[in-house]
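I have placed the structure first, in the form of structure tokens, so that the comments after it can refer back to it.
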Amino acid sequence: MDSLQTIIIAIVEGLTEFLPISSTAHMRITENLLGISNTDKFTQVFTVAIQLGAILSVVVLYWKKFFDFKRLSFYVKLIVAVIPALMFGKLFSEKIDELLEKPLFIAIIMLAGGIFFLFADNLFKHPEIKDEKDISPITALRIGLFQCLAILLPGLSRSAATMIGGRSLKLTRSVAAESSFFLAVPTMLAATVYKLYKYYGEAGGFSANEIKQLAIGNAVAFVVALMAIKFFISFLNKHGFRVWGWYRIIVGLILLVLIWQGVITQ
């Protein structure tokens, strides 16, 4: 990857990571359109590692919650919620990597998720939990279990799974979204550290150019994710999930066309 390609992929990551539209699908499309091979080991690591910049934006925006050490319950709920993802990620890491290399599977999941989103707002009415503080550890664990669906089904979107899970558990739209952001921090941090450690061991270290790309990618993803999160909360409260359903359907169809035309190969 050159510097321009690095920046473009990081922009896509920052824009899509916290939206319920699958950053995996968007980065897969972007890589192919830019002529970047997704079989390249460093590229695979890069698309995961730039999540560090994205999750840092969550910590910065919600620093009062992350650094309020008097509220141990916040940390307890994060730990409880992330345990299922860590277990599933470890147990099914090879299978997940295989599915990430199957764009047709990702496209189908994008479409299925989009169709579900068209009806999601009508399914989850009368929320009862209107503040993060009212989420119990058991509810946090259940949200964490929903996150596992995204781990097993690339293209579903981690954000989509946790937000819909939160809504089904009586959280308001904004609390469901914020809970998804919070849970992303330990989940994505663990995935990033694991990928970097594994690549470091296999490649024997990072080249100066790879370090440069990781630095640029994380910086860009951080700035873009800051703006995306602020926009999304406001937009979700006003418009709900339906518009994201149509968006997912359109992107899923585009992905199918690109596969059919041979632009994206299986």
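Couple of notes before you dig in:
- Selection within the range 218-242 - surrounded by 13 or more Cβ atoms within 10 Å (Cβ to Cβ) and either under 13 Å from residue 42 (Cα atoms) or of a type in the set (A, V, I, L, M) (or both): 219, 220, 221, 223, 224, 225, 226, 228, 229, 233, 236
- Residues being surrounded by fewer than 24 Cβ atoms within 10 Å (Cβ to Cβ) and assigned to a helix (DSSP H, G or I) - total across the range 152-164: 2
- Where helices (runs of 4 or more DSSP H) fall entirely within the range 1-86, those with at least 2 residues that are among the aliphatic types (A, V, I, L, M) are at 3-16, 23-33, 41-49, 51-61.
- The condition of being small (Gly, Ala, Ser), in contact with a Lys or Arg (Cβ under 7 Å, 6 or more places away or on another chain) and in contact (Cβ under 8 Å) with a residue 24 or more places away in the chain holds for residue 49.
- Residues that are touching an Asp or Glu at 6+ places or on another chain (Cβ under 8 Å), in contact (Cβ under 8 Å) with a residue 12 or more places away in the chain and farther than 15 Å from residue 18 by Cβ do occur in the range 241-263.
- Residue tally, condition surrounded by fewer than 18 Cβ atoms within 10 Å (Cβ to Cβ) and free of Cβ contacts under 8 Å to residues at least 60 places away in the same chain, over the range 29-42: 4
- The lone criterion from (1) of a type outside the set (S, T, N, Q); (2) under 23 Å from residue 84 (Cα atoms); (3) surrounded by 15 or more Cβ atoms within 10 Å (Cβ to Cβ) left unmet by residue 107 is number (2).
- Hits in the range 60-79 - residues which are surrounded by fewer than 16 Cβ atoms within 10 Å (Cβ to Cβ), under 19 Å from the mean Cα position of the chain (by Cα) and within 19 Å of residue 233 (Cα to Cα): 60
- Test: residue in the range 227-234 that is touching a strand residue (DSSP E or B) at 6+ places or on another chain (Cβ under 8 Å), on the phi < 0 side of the Ramachandran plot and among the small types (Gly, Ala, Ser): no
- Look at the range 162-188: where a residue is touching a residue at least 24 places away in the same chain (Cβ under 8 Å) and farther than 18 Å from residue 21 by Cβ and a partner is outside any helix (DSSP H, G or I) and of a type in the set (D, E, K, R), sitting 6+ places away or on another chain with Cβ atoms under 7 Å, you get 170/128; 172/130; 175/130; 175/131.
- Considering 215, 228, the condition of being among the aliphatic types (A, V, I, L, M) and under 23 Å from residue 165 (Cα atoms) is satisfied by 228 alone.
Just so you know, all these numbers are worked out from the coordinates, no wet-lab data involved. Source: prediction; values computed, not measured. Note that we place each Cβ from the backbone using ideal geometry, even for glycine, and neighbour counts take in every protein chain shown.
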